[in-house]
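To start, the structure itself, in structure tokens.
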């Protein structure tokens, strides 16, 4: 038995999803509360999803190259650390 943090109800362990990062091995919200929150979030974001808008990362500044990519290891080129992030 476990208490859901969201609805404060005492429920059986099967009512909670597995989360190996938690000490007890279960999520803190029950599946019903998680589903309800997901539905509300989908409704709030429905207009954005229907419009086909996709969030993307747009850099706000030019990166300063502190080393030439050819001079670096494969790992450095893949991770992009040479941009001085």
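The values are calculated or read from the model by the stated rules, or taken from the named source; none is laboratory data. These numbers come from a predicted model, not from an experiment. So basically every Cβ, Gly included, is an ideal-geometry build from the backbone, and we count neighbours across all protein chains shown.
Quick notes on this structure:
- Selection from the range 7-18 of residues that are outside any strand (DSSP E or B) and surrounded by 14 or more Cβ atoms within 10 Å (Cβ to Cβ): 15
- Apart from one condition, residue 56 fits all of (1) assigned to a loop (DSSP other than H, G, I, E, B); (2) at pLDDT below 65; (3) surrounded by 10 or more Cβ atoms within 10 Å (Cβ to Cβ); the exception is (3).
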